[in-house]
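Student: Here it is, the structure in full.
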Amino acid sequence: MLNGKVAIITGGTSGIGAGTAEKLAAEGAVVALFGRNAERGNEIANKINSIFGMNKCEFFKCDVSSQAEVKNTVELVGNKFSHIDILFNNAGVMLPSMEIERMPVDDWKTTLDINITGMFLVTRYVKPYLLKSRGVIINNASIAGLQYYAAGRSYAYSASKAAVIQFSHQMAKNYGEEGIRVNCICPGIIDTPILGDRDRKIYAERIPLGYVGQPSDVANVVAFLVSEAASYITGAVLPIDGGASI
Ligand SMILES: NC(=O)c1ccc[n+]([C@@H]2O[C@H](COP(=O)([O-])OP(=O)(O)OC[C@H]3O[C@@H](n4cnc5c(N)ncnc54)[C@H](OP(=O)(O)O)[C@@H]3O)[C@@H](O)[C@H]2O)c1
């Protein structure tokens with residue numbers, strides 16, 4: 001159970017982040033959702049509060065690629081709840097894949113700004129709180145970041161996710177003695193808006209378990225990794241993919 005814990009979930013306004021917010025709230029945590037889309041963020045927070053009780057979830061407008069917004073928003077959350085125990089670095093984008101010669105330089109930069117620099121910024125400002133609470137961090141990479149998995153022409157996305165994995169290793173190695181656990185998850189194909197209108201059936205045929213995952217498949221694993229049951233796990237890089245990366 002996560003009673004009394006405060007969790008920040010970046011990219012909490014959709015898909016995996018929203019599903020994880022619901023799961024952590026169900027386990028007793030208070031959840032702060034970060035994202036840019038206030039309408040979706042407030043909708044999800046309201047839904048969670050209507051199920052689990054008022055003040056279980058609150059939306060905070062924050063673009064993780066903006067240092068000033070991250071700094072201010074983390075301060076706001078820290079002041080409001082007085083402690084932060086869990087950080088789920090989940091915000092991410094997957095812009096259209098294409099050959100390097102055709103890829104807009106801005107798309108390359110945006111991908112890295114959000115998927116890895118955003119994670120660096122949020123961690124930077126949340127870490128002092130996690131030091132006090134002996135907290136836990138989960139970083140969301142992707143099977144696209146695994147060294148043995150090549151995903152089409154997703155150069156920027158795959159590179160950003162490989163960076164998340166190595167960033168997580170470094171953090172786990174260094175933060176262990178500070179009492180902070182850090183684990184990295186690598187979801188496979190999960191049915192969220194990030195997939196756009198890609199045909200889920202074609203994906204399902206390539207997955208050993210035979211189906212595309214749901215946000216809850218990832219949320220359940222995150223809830224385990226942040227719990228006391230996982231207190232001896234740090235530095236793990238865990239595919240959650242129905243075997244897709246094999
Ligand atoms: N679905 C999959 O198949 C899959 C597989 C592997 C890994 N992942 C990873 O899982 C994470 C969540 O993706 P999802 O599948 O749940 O997709 P999604 O439904 O599109 O959600 C992406 C989330 O990231 C947030 N976000 C994007 N840019 C942001 C920014 N600059 N600042 C703050 N928040 C930002 C979005 O919020 P706003 O729009 O409100 O800003 C949204 O809440 C991503 O890191 C993704 O790479 C997904």
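All of the numbers you see were taken from the coordinates with simple rules; none came from a lab. Treat the numbers as computed from the prediction; the structure is a model and nothing was measured. Neighbour counts are summed over all protein chains in view; Cβ atoms, including those assigned to glycine, are modelled from backbone coordinates with ideal geometry.
Student: Conditions: (1) surrounded by fewer than 22 Cβ atoms within 10 Å (Cβ to Cβ); (2) farther than 17 Å from V237 by Cα; (3) of a type in the set (V, I, T). I84 meets all but one. Number of the miss?
Tutor: Of the numbered conditions (1) surrounded by fewer than 22 Cβ atoms within 10 Å (Cβ to Cβ); (2) farther than 17 Å from V237 by Cα; (3) of a type in the set (V, I, T), the odd one out for I84 is (1).
Student: I'd like to know if the stretch 157-175 contains one or more residues that are within 12 Å of the ligand (Cβ to nearest atom), over 30 Å from L131 (Cα atoms) and surrounded by 17 or more Cβ atoms within 10 Å (Cβ to Cβ).
Tutor: yes
Student: May I ask you to say which residue of R153, R134 is among the basic types (K, R) and closer than 30 Å to H83 by Cβ?
Tutor: Details: R153 fails: closer than 30 Å to H83 by Cβ.
After applying the criteria, what remains is R134.
Student: Same structure, new question: Of everything in the stretch 150-167, what is among the small types (G, A, S), closer than 16 Å to L95 by Cβ and not in a helix (DSSP H, G or I)? Give them in sequence order.
Tutor: Correct list: A151, G152, S154.
Student: Could you check, for the stretch 204-221, whether at least one of its residues is outside any loop (DSSP other than H, G, I, E, B) and more than 22 Å from the chain's Cα centre (by Cα)? Write out each step before concluding.
Tutor: Narrowing the stretch 204-221 to residues outside any loop (DSSP other than H, G, I, E, B): 204-205, 213, 215-221.
Still in the running and more than 22 Å from the chain's Cα centre (by Cα): 204-205.
Checking the stretch 204-221: at least one residue is outside any loop (DSSP other than H, G, I, E, B) and more than 22 Å from the chain's Cα centre (by Cα).
Student: Let me ask something else about it. Within 15 Å of the ligand (Cβ to nearest atom), without any contact (Cβ under 8 Å) to a residue 12 or more places away in the chain and not in a loop (DSSP other than H, G, I, E, B): is that true of I185 in this structure?
Tutor: The answer is no for I185.
Student: Going by the conditions given, is G152 surrounded by fewer than 17 Cβ atoms within 10 Å (Cβ to Cβ) and touching a residue at least 24 places away in the same chain (Cβ under 8 Å)? Before the answer, list the steps.
Tutor: Values: surrounded by fewer than 17 Cβ atoms within 10 Å (Cβ to Cβ): yes; touching a residue at least 24 places away in the same chain (Cβ under 8 Å): yes.
So G152 passes the test.
Student: Here is a follow-up. Kindly list the number of the only condition in (1) under 23 Å from A21 (Cβ atoms); (2) surrounded by fewer than 17 Cβ atoms within 10 Å (Cβ to Cβ); (3) β-branched (V, I, T) that fails for I137.
Tutor: (2)
Student: Within the stretch 199-246, which residues are charged (D, E, K, R) and closer than 18 Å to L87 by Cα?
Tutor: To start, the set of residues in the stretch 199-246 that are charged (D, E, K, R) comprises 199-201, 205-206, 217, 228, 241.
E228, the sole residue that qualifies.
Student: Yes or no: L24 in contact (Cβ under 8 Å) with a residue 60 or more places away in the chain, part of a loop (DSSP other than H, G, I, E, B) and either within 18 Å of V221 (Cβ to Cβ) or not small (G, A, S) (or both)?
Tutor: Details: in contact (Cβ under 8 Å) with a residue 60 or more places away in the chain: yes; part of a loop (DSSP other than H, G, I, E, B): no; either within 18 Å of V221 (Cβ to Cβ) or not small (G, A, S) (or both): yes.
Considered against the rule, which asks whether it is in contact (Cβ under 8 Å) with a residue 60 or more places away in the chain, part of a loop (DSSP other than H, G, I, E, B) and either within 18 Å of V221 (Cβ to Cβ) or not small (G, A, S) (or both), L24 comes out as no.
Student: Considering only the stretch 5-16, I want to know if a residue exists there that is of a type in the set (A, V, I, L, M, F, W, C), under 25 Å from L225 (Cα atoms) and near the ligand (Cβ under 8 Å from one of its atoms).
Tutor: As a first pass, look at the stretch 5-16 and keep what is of a type in the set (A, V, I, L, M, F, W, C): 6-9, 16.
From the residues that got through so far, the ones that are under 25 Å from L225 (Cα atoms) too are 6-9, 16.
Next, from what is left, pick out any that are near the ligand (Cβ under 8 Å from one of its atoms): 16.
Yes; the residues of the stretch 5-16 include at least one that is of a type in the set (A, V, I, L, M, F, W, C), under 25 Å from L225 (Cα atoms) and near the ligand (Cβ under 8 Å from one of its atoms).
Student: Please enumerate the residues belonging to the stretch 62-119 that are closer than 22 Å to C186 by Cα and among the β-branched types (V, I, T).
Tutor: Within the stretch 62-119, V64, I86, V93, T110, T111, I114, I116, T117 meet the criteria.
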